[in-house]
C-alpha cells in the first residue's frame, strides 16, 4: 500500500527491528498489533493487572504484566516498560497515543537502551511539547500562529501584563498540558484575577507543573488539523487534513476528513505549508499539526502532536495509507518521495465512550460497506474504571459527506452495547443536528448545546 | 469453627454472587467453591484468540500449589542474593519474619527489595537467580 509513498530504490527490504513492544492498551494497542502481524513483526503486549484479560494481551505474541492498575506504576512507568522490552527481547517500542507517547524522557530511555522508539527523538518532543517554544519554532518555519505570551508565566501579575499586550479574550493554558486540563477562557483583567490561579492549580495537579501560557482566544473557530509524515532525511509530506470541530469540553467527539469547510485553495496552502514546516524540524514519523480555522479563511497553528492520533483512521480511509505501517517503515529508515498525496471520498469517525465502568453483557457492532470499527471490547469484557472511557471508534467511508452521515446515523442506531452506559445516544443526537450537518458548528457548539438542554 | 459459621460463609458467597471464597484464621483454612458456576445465566464471553496463543514471557512459571506466596513488587530481573559472593537471602526451611528482605529485583539499574509481607517458613523459591519476572509473579512459597 504505502510503497508509492517511498523512493523506489530506498524502500526498506529488511526490518532493522523484529519484535515490537506496544506500550499502550485498548483499541490502539490492538490496532498496532494488527499491522505488525501483517508485516511479520512479532509483538509484545504490556499490561496492568486490571488489563490481564484485554484483547491486546490475547492477540500479541507475548504479554507481560508491568504493574498494578495505577498508570504511574504501569503504563507510564518507564523503567517497567524498558525492562519488559529487555526481558522479551523487543527491539522496538510503539507508544500509541497518550501515556508515554509524547514523553521525551521515555524517548531518551529507549535510545540509551538501544531500543528503537517508533516516533521522533526526545529532543523534537521536548521542543514541540513546550507550547511556547513550539509556537516560535513553527512561526520561524512559516506557519501562522496566534498571538501569545512571549514566555511561560507562573504568577498573576505577569499574566495581567502579558494579557494587556495580547488583548482579551484570552485563553490560559498549561504549558505542559492537553485534554482541557488547566485551560480557562478569560474575558477581562477581573476574570484573570479569578481564573488564573484556579487554572494553575489544575495544571499543577494534572501535569506537575504550574507553568502557564496565554494566547489570543478566537471566539468561534473550527478545529482543522493536518496529518504529516517525515523521514529522517528531511523529506516531509502531508496526508490530507481532518475537521475535529465537534468537541465536548475540549475532547474530540466526532472527526471528519477531508475538511469540506475549507476552500480548496486554502486547504492546499495549509497542507503545503505544514509539510514545508515539518521538513525543517528534524522530525521522524507521523504527526499532526492542529490549527484553529476562522470562517474568513484565516488559520492559526495551535500545537503539534508527535504521535499517532486517535482519529487517524479517517485519514487512512481517504488516502489508503496504513499510518501505523507508515510509522514503522519511517522508523526503519524508509525514504519518502515528496509529493502531494491525493485524497478521495469522505470519512467520518464517532468515538464511543463508556460513561460507566462495568461488564459488557451484550454487544452488537455495526458493519456494511465502508464501515470500520476499531475497538478492543468484546462480549463479557469488563470496562475498567481506571482508564480513558473511549472504548470504540466507528468509522464510515463513502464518496459523499451526505451519504456518509446518513449511513452513520443508521449504524449508530444499530449498535448495541449493554451492561454499561455509553454516549451512543449523544452521537445519534449530534448526527441529527442541523449545525453539524450544515457545518456551521464551532469548537464550542456541543458544550453550548448540552448547556441548553440541561 | 462450627457448621453454622460455614453456612454463613456459604450465604455470603451466594449473596455476593461469588464463585469462590477463602477464609483463614489461625490454623483454620476453609475454601468454598460454587460448583458449575458457568451454568448461571452469564452471557457467553467470546474473545478471539489467534492460532499461536500468547504466552507469558517469564515461562516456565512454577505452578503454585498454595496462595501463600510472596510476589514480585515490580517487573525486572530477580536476584536471590545481594551479590554472586553472598549467600541467598532465603532458602527452603528458613524462618522469615514480616519485613525481611527475601530477594531483590532490578529494573533499569534500580534495585527493589522483595520484602516478606508476613511471617512463615520458606517452602520453595519459585524463580531462579537472574530470571526475569513479571509484576505480581509468585517468587517464594511459604508455609
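Since every read-out is calculated from the coordinates, none of them should be taken as a lab result. The model shown is predicted, which means the values in this text are computed figures rather than measured ones. Methodologically, a virtual Cβ is constructed for each residue, glycine included, from the backbone with ideal geometry; neighbour enumeration extends over all protein chains shown.
Under the criterion of Cα pairs below 8 Å and six or more residues apart, the relative contact order for the stretch A:131-240 equals 27 percent.
The share of Cα pairs per 5 Å bin across the stretch A:355-454, counted from zero up to the longest distance, runs 2, 11, 20, 21, 19, 16, 9, 2, 0 percent. Sorted on the mean count of surrounding Cβ atoms within 10 Å across their residues, most packed first, peptides A:53-62, A:157-166 read A:53-62, A:157-166. Based on alpha-carbon atoms, the Kirkwood radius and the radius of gyration of the stretch A:359-399 give Rg/Rh equal to 1.05.
Legend: ranking of residues A:329, A:400 from fewest to most surrounding C-beta atoms inside 10 Å; resulting order A:400, A:329. Taking other Cβ atoms within 10 Å as a rough exposure proxy, A:223, B:29 sort from fewest to most as B:29, A:223. Hydrodynamic analysis of the stretch A:17-99 uses the Kirkwood radius over alpha carbon pairs. Inserted into Stokes-Einstein at 4 °C and 1.567 mPa s, it gives a translational diffusion coefficient of 107 µm²/s. Peptide A:54-62 shows a mean partner chain C-beta count of 4 within 10 Å per residue C-beta. In the stretch A:222-453 the Cα-Cα distances spread across 5 Å bins starting at 0 as 1, 6, 14, 17, 18, 16, 13, 8, 4, 1, 0 percent of all pairs.
At full extension, residue A:402 and residue A:38 could sit 127.7 nm farther apart than now, given 0.36 nm per residue minus the alpha carbon distance. Could you tell me the calculated FRET efficiency between residue A:382 and residue A:437, based on Cβ-Cβ distance and R0 = 35 angstrom, to the nearest 0.05? With a Förster radius of 35 Å, E is 0.45. Scattering from the stretch A:147-216 was approximated by placing one identical point on each alpha carbon and applying the Debye formula without solvent; log10 I(q)/I(0) at 0.17, 0.28 1/Å stands at -0.47, -1.31. The mean sequence separation of alpha-carbon pairs under 8 Å and at least six residues apart, normalised by the residue count of chain A, gives a relative contact order of 15 percent. Cβ-Cβ distance of residue A:113 and residue B:129, R₀ of 22 Å, FRET efficiency by 1/(1 + (r/R0)^6): the value works out to about 0.45.
Inter-chain neighbour count for A:75-82: the average number of beta-carbon atoms from partner chains within 10 Å of each residue's beta-carbon is 4.
Per-residue mean of foreign Cβ neighbours for A:63-69 is 6 (Cβ atoms of other chains, 10 Å radius). Once the Cα-Cα distance is subtracted from the 0.36 nm per residue extended length, the residue A:361 to residue A:266 segment shows a gain of 29.4 nm.
Modelled spin labels at residue A:233 and residue B:95, positioned 7 Å past Cα toward Cβ, are 7.2 nm from each other. Set against the 2.2 N^0.38 Å expectation for a compact globular protein, the protein assembly as shown has a Cα radius of gyration ratio of 1.07. From helices alone, the protein assembly as shown scores -8500 deg cm²/dmol at 222 nm; the rule is -39500 (n - 2.57) for each run of n ≥ 4 DSSP H residues, then divide by the residue total. Of all alpha-carbon pairs in the stretch A:279-398, indicate the percentage at a distance above 17 angstrom. Here the long-distance tail beyond 17 Å is 69 percent of all Cα pairs in the stretch A:279-398.
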